[in-house]
Amino acid sequence: MFNALERHNGAMNAPQKRVILAVTGASGAPYARRCLAALVETGVEVHLLLSKTAVELVKDELGITLGSTEVWAERLLGKPTDRVIVHRVEQYHSSLASGGMLVDGMVVIPCSMGRLGSFASGLSRDLIDRAVEVTLKEGRKLVLVPRETPLSQISIENMLKLSRAGATILPAMPAFYTHPKTLDDAVDFVVGKVLDQLTISHSCFPRYGIANHESRATNHA
Ligand SMILES: Cc1cc2nc3c(=O)[nH]c(=O)nc-3n(C[C@H](O)[C@H](O)[C@H](O)COP(=O)(O)O)c2cc1C
């Protein structure tokens, strides 16, 4: 297991941004993998957490056996990195459990309905819950990417409660005005919207605007 504080104080020099990326057991492991890659590509220091079910879904949906935490980031990215610090969810003795650790924001992608309930109730059952609790209490950016359909009234009420507490609810809903050609394009759209919320510039999708519209209109003329 990486020693989070040692890694943080050691190899990484003045990162532009520091973001907590939590992955929970909703369908959508490709969103998590792409989000991790995009954050690393843009030079962000990423603090990575995966729930037990998320680890299983990474195997189911991506065909990746994560193994021990030391190799999670490398296996997800397909290459080594020194920009990702992995934390275990049962490890409350982590920098993420305290508001003293300065972070620019946190994203939970994908976010299970069970987690929404846990976050909304302040249960703090593990380090993911605790990091969300800290992010909210410190008034920092929190982006939740729920993946479920249809939605129960309970889930909708939990989202409303979290939104009122300051979280951004960003459902995994790809758009089609960007004319996605592949599933990766659709995944990139959602990930790009997450990065927008964290004010991280990216090229995950083309920006819709007058130029796009005019060029399509011209093509169709
Ligand atoms: C194959 C599979 C797919 C699942 N997909 C979803 C989903 O899309 N959304 C959801 O809210 N829960 C989904 N679940 C249920 C969650 O994994 C379950 O509620 C779990 O307790 C979530 O725990 P976690 O948030 O700690 O990962 C799925 C479970 C499995 C096994």
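Figure legend: label point modelled 7 angstrom from the Cα of GLN153 along Cα→Cβ; residues of region 104-123 with amide N under 18 Å from it are 117.
Taking square-rooted eigenvalues a ≥ b ≥ c of the alpha carbon gyration tensor, is region 90-136 rounded, prolate or oblate, where a/c under 1.5 means rounded and, failing that, a/b exceeding b/c means prolate? Prolate, since a/c reaches 1.5 and a/b exceeds b/c. Between region 167-189 and region 98-123, the alpha-carbon centres lie 22 Å apart. According to the square roots a ≥ b ≥ c of the eigenvalues of the Cα gyration tensor, what is the shape class of region 110-192, taking rounded for a/c under 1.5, prolate for a/b larger than b/c otherwise, and oblate for the remainder? Prolate. All C-alpha to C-alpha distances of the chain, sorted into 5 Å bins beginning at zero, yield P(r) values of 1, 7, 15, 19, 20, 16, 10, 5, 3, 2, 1, 0, 0 percent in whole numbers.
What shape does region 30-70 take by its C-alpha gyration tensor, where a ≥ b ≥ c are the square roots of the eigenvalues and a/c under 1.5 counts as rounded, a/b above b/c as prolate, and the rest as oblate? Prolate, because a/c is 1.5 or more and a/b exceeds b/c. If you plug the beta carbon distance of ASP196 and SER98 into 1/(1 + (r/R0)^6) with R0 = 30 Å, you get a FRET efficiency near 0.60. Placing dummy labels 7 Å off each Cα toward the beta-carbon, the span from THR53 to LYS137 is 2.5 nm.
For GLY105, neighbours were defined as the other residues whose beta-carbon sits under 10 Å from its Cβ, and their charges (Lys and Arg +1, Asp and Glu -1) total +3.
The magnitude of the dipole of region 43-109, with charges of +1 and -1 set on the Cβ of Lys/Arg and Asp/Glu and taken from the Cα centre, is near 60 debye. As a length-normalised measure over Cα pairs under 8 Å and 6 or more apart, the relative contact order of region 4-220 settles at 20 percent. Please work out the C-alpha center-to-center distance from region 125-142 to region 20-81 and express it in whole Å. When both Cα centres are located, 19 Å separates them.
Could you point to the residue in LEU136, THR65, ALA29 farthest towards the positive end of the chain's charge dipole, with +1 and -1 charges on the Cβ of Lys/Arg and Asp/Glu respectively? Comparing the listed Cα positions along the dipole, LEU136 ranks first.
Extension gain ARG207-THR81, at 0.36 nm per residue separation less the Cα-Cα distance, in nm? Before the final figure, lay out the partial values.
Values: separation 126, 0.36 × 126 = 45.36 nm, distance 2.92 nm.
Difference between extended and current length: 42.4 nm.
Quick note: the coordinates plus some simple rules give every number you see, no bench work behind them. Since this is a predicted model, take the numbers as computed values, not measurements. Glycine gets a Cβ as well: all are built from the backbone with ideal geometry, and neighbour counts include every protein chain shown.
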